[in-house]
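The values are calculated or read from the model by the stated rules, or taken from the named source; none is laboratory data. If you're wondering where the values come from, they're calculated on a predicted model, not measured in any experiment. Reconstructed Cβ throughout: ideal geometry from the backbone, glycine too, with neighbour counts over all protein chains shown. The protein model used for the area step is the full one, side chains on, heavy atoms only, and it has no ligands, DNA or RNA in it. Shrake-Rupley method; radii C 1.70, N 1.55, O 1.52, S 1.80 Å.
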Amino acid sequence: MNAAILPGATAGDKDFLLAVEALTVSFDGFKAVSDVSFYVDPDEIRVIIGPNGAGKTTVLDLICGRTRATSGSIKYKGTELTKLSESAIVQAGVGRKFQTPSIYDDLTVFENLEISFPRGRSVLGALMFKRDAAVRDRIDEIAEMIFLKDQLDKRAEFLSHGQKQWLEIGMLLIQDPELLMLDEPVAGMSVAERKKTAELLHQIIKGRSVLVIEHDMKFVEDIAHRVTVLHQGKVLSEGSMERVKNDPKVIEVYLGH
Ligand SMILES: Nc1ncnc2c1ncn2[C@@H]1O[C@H](COP(=O)(O)OP(=O)(O)O)[C@@H](O)[C@H]1O
Ligand SMILES: [Mg+2]
C-alpha cells in the first residue's frame with residue numbers, strides 16, 4: 001500500500017485507483033464538501049466515517065456523478081470523472097450501492113442477478129436473453145459469495161433485510177466494478193450478518209477497491225485498511241483505524257460521545 005500522501009501534495013495518478021483532490025460542492029452557498037482530498041489504492045478497503053451531515057454521502061454522490069462538483073477533481077484510473085455522465089461512470093467500472101436497497105421484490109434472487117448482468121441492462125432485455133452457461137456460472141459464483149446460493153429461486157421480497165443488502169451487493173458485483181461504493185451496508189443487520197458482510201468485503205477486494213461509509217465502529221475495525229474522517233465537509237483525520245481512533249480531534253467531534 002502507498003504511504004499516506006501529505007496534505008496538499010499532488011499524487012501521481014497512476015498508482016491510485018481513485019484520486020480525489022480539492023473536491024468541493026456548494027448547495028446555495030453552503031459547502032457540504034469542502035476541499036476534500038484522499039487517495040484509494042487498488043485492492044484497498046477505505047472507510048469514510050464522521051458525524052451525521054459531515055458530507056459522506058455527498059462525496060459518494062460526487063464520485064458517481066449524481067451530484068456535480070463545484071470545483072476539484074476526481075480521477076479514477078487517471079480518468080477525470082467530474083466531466084462524465086452517471087452512466088459513463090458506471091461503464092468505467094464504478095458501482096454504487098445506496099442506503100435503501102433497489103432490488104426487484106417480485107423477481108427471484110436469480111433473476112435479480114441476471115438482470116444486473118452487463119449484457120441485459122433492461123428488465124425485458126435481460127429476461128429474454130438466453131441463459132447461457134457463462135451467465136449461470138457467474139450467477140452461481142456471485143450467489144455463493146453473497147451467501148444466497150440456496151435461495152436462488154426465492155422471490156426477493158421474502159429475503160431478510162440483511163439478505164436483501166447482500167443481494168444488492170451481488171447485483172453490483174456481477175458488473176465487476178473496480179471501485180465499489182457502499183453507503184452504510186450493515187445498517188439494520190444483526191451481529192452475525194455484520195460479521196458475514198465483513199467476510200464478504202474481504203473476499204471481493206481481489207482486483208477491486210471498496211469505499212464504504214459506516215457508523216458501526218466494530219465493523220469498521222473489521223474491514224478498514226484505512227479510515228478517512230469527515231467533519232463539516234472537510235477531512236478531519238486519516239490513517240489506520242488505530243491511529244484515527246486515538247486522534248484527539250476525532251475523539252472530540254465523533255468518537256467521544
Ligand atoms: N442536494 C442537496 N441540497 C442541499 N443540501 C444538501 C444536499 N445534499 C446534502 N446536503 C447537505 O449537505 C450536508 C451533508 O450531507 P450528507 O452528505 O448527506 O451527510 P452524511 O452522509 O455525512 O450524513 C448536510 O447538511 C445536508 O443537509
Ligand atoms: Mg449519509
Exercise. Restricted to region 77-108, and to residues that are more than 17 Å from Leu60 (Cβ to Cβ) and in contact (Cβ under 8 Å) with a residue 60 or more places away in the chain, which residue is surrounded by the most Cβ atoms within 10 Å (Cβ to Cβ)?
Worked result: Ile103
Exercise. Does any residue of region 66-89 turn out to be within 15 Å of ligand 2 (Cβ to nearest atom) and at pLDDT 95 or above?
Worked result: yes
Problem set entry | Matching helices (runs of 4 or more DSSP H) fully within region 17-126 where at least 2 residues are acidic (Asp, Glu) | 109-116
Seminar exercise, completed: Selection from region 200-231 of residues open to solvent by less than 50 Å² (accessible area, probe 1.4 Å), in a loop (DSSP other than H, G, I, E, B) and either within 16 Å of ligand 1 (Cβ to nearest atom) or among the aliphatic types (A, V, I, L, M) (or both) yields Ile205, Glu214, Asp216, Ala224
For this session: Determine whether Thr57 is over 24 Å from Leu200 (Cβ atoms), in contact (Cβ under 8 Å) with a residue 12 or more places away in the chain and within 13 Å of ligand 2 (Cβ to nearest atom).
Result: no
For this session: Within region 232-242, identify whether any single residue is within 19 Å of Ile146 (Cα to Cα), more than 16 Å from ligand 1 (Cβ to nearest atom) and among the polar types (S, T, N, Q), and answer yes or no.
Result: no
Exercise. Just checking, which of Phe38, Phe27 is out of contact with any Pro (no Cβ under 9 Å at 6 or more places or on another chain), at pLDDT 95 or above and surrounded by fewer than 22 Cβ atoms within 10 Å (Cβ to Cβ)?
Worked result: Phe27
Exercise. Would you call Val212 of a type outside the set (S, T, N, Q), modelled with pLDDT of 95 or more and touching a Pro at 6+ places or on another chain (Cβ under 8 Å)?
Worked result: yes
Exercise. Do we have Val135 as of a type in the set (A, V, I, L, M), modelled with pLDDT under 90 and part of a helix (DSSP H, G or I) here?
Worked result: yes
Exercise. Where residues in region 132-154 are charged (D, E, K, R) and under 15 Å from Leu172 (Cα atoms), which of them is most open to solvent (accessible area, probe 1.4 Å)?
Worked result: Glu144
Exercise. Limited to region 113-131, what total is found for residues that are at pLDDT 55 or above, open to solvent by 70 Å² or more (accessible area, probe 1.4 Å) and within 15 Å of Leu172 (Cα to Cα)?
Worked result: 1
